[in-house]
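These notes are about the structure you will find just below.
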Amino acid sequence: MQVGVIASVNEARTDRFTHRTAIVIDVLRATSTMVAALEAGVAGIIPTETVLEAKALHRPGDLLGGERFCRKITGFDLGNSPQEYKAEMVKGKRLVLTTTNGTRAVMKSLRADNVLAGAIVNAAACARTIVELRRDAILLCAGSHDEFAVEDGLCAGLLLDRLEALIGQPVETDDLGIAMLAFYRERRNAIAETVSSGMTGRRLIKMGLGSDIDWCSTVDSSSIVPRLNGDWMTK
């Protein structure tokens, strides 16, 4: 199995995804929120690139969720904090979601045979799904402001570690993958601290959203793997 890593959504080229399984990683917070929403019982998630697209796809009974630059979008039902997605509010409803980087990364991955949402919270389950799908994989780190984000790279390394444990041998990866695997193994006992140290982590702390970092940094806390089926992310 070959597994490539892309540093940010800005570096994603469509040819990198053909005949592969794409795993979109946006630890803070889009893919973590997708996991939380599906755990809470949403019927499905429609990822969109822009606010206008989200509003156009919204139907009566749907929920609008998302953020721009870490803040909830005016007029939307929910933001991009995984802790907002409670069963009593979202169960059985369709969620139309747009975020600054994460949903844009999903759109960039559409040439892939399969598109999954990966995060620290579902790393082991995501790795199992990658193996079951029997395709080479590409880990797309969404990043922040079109640049590499440390928390996404950490998650890529975690996924590579989980894949190696499953297949019982080293994963064939690229130079960035080798670096991220080594990075994760060096920082595996300081996950939340590492996530907090990045640009997005520091911004969330300043905004009083530090508890989201704790939630998003809990390794393998969920068995949910969001997967794109047509236009929907479902579990």
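Below is a table of values for the structure above.
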| read-out | value |
| --- | --- |
| Value at 222 nm in deg cm²/dmol, rounded to 500, when DSSP H runs of n ≥ 4 in the chain each add -39,500 (n - 2.57) | -11000 deg cm²/dmol |
| DSSP H segments from the chain that extend 27 Å or more along their own axis, Cα-based, with Kyte-Doolittle mean of 0.5 or above | none |
| Solvent exposure of segment 106-218 as accessible area per residue, Å², 1.4 Å probe | 43 Å² |
| Relative contact order %, the chain, counting alpha carbon pairs below 8 Å whose residues are six or more apart | 33 percent |
| Along principal axes, Cα extents of the chain, largest first, whole Å | 49, 37, 30 |
| Around Val225: net Lys/Arg minus Asp/Glu count, Cβ-Cβ under 13 Å | +1 |
| Value of Rg to Rh for segment 148-198 (Rh from inverse mean 1/r over Cα pairs, i.e. Kirkwood) | 0.98 |
| Segment 103-235 - Kirkwood radius from inverse mean 1/r over Cα pairs (Å) | 15.3 Å |
| Antiparallel bridge percentage (DSSP; both residues within the chain; nearest 5) | 25 percent |
| Packing-based order for 69-75, 130-136, 16-22, using average beta carbon neighbours within 10 Å, highest first | 16-22, 130-136, 69-75 |
| Fraction of accessible area attributable to carbon and sulfur, the chain (%, probe 1.4 Å) | 48 percent |
| Euclidean distance of C-alpha centroids, segment 119-149 and segment 14-47, integer Å | 9 Å |
| Whole-angstrom Cα spans of segment 51-110 along principal axes, big to small | 32, 22, 22 |
| Neighbour net charge for Asn10 - beta-carbon separation under 10 angstrom, K R +1, D E -1 | -1 |
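The values are calculated or read from the model by the stated rules, or taken from the named source; none is laboratory data. These numbers come from a predicted model, not from an experiment. When we count neighbours, we look across all protein chains shown, and the Cβ atoms used for this are built from the backbone with ideal geometry, even at glycine. Just so you know, the surface numbers come from the protein's heavy atoms only, side chains and all, with ligands and any DNA or RNA stripped out. Shrake-Rupley method; radii C 1.70, N 1.55, O 1.52, S 1.80 Å.
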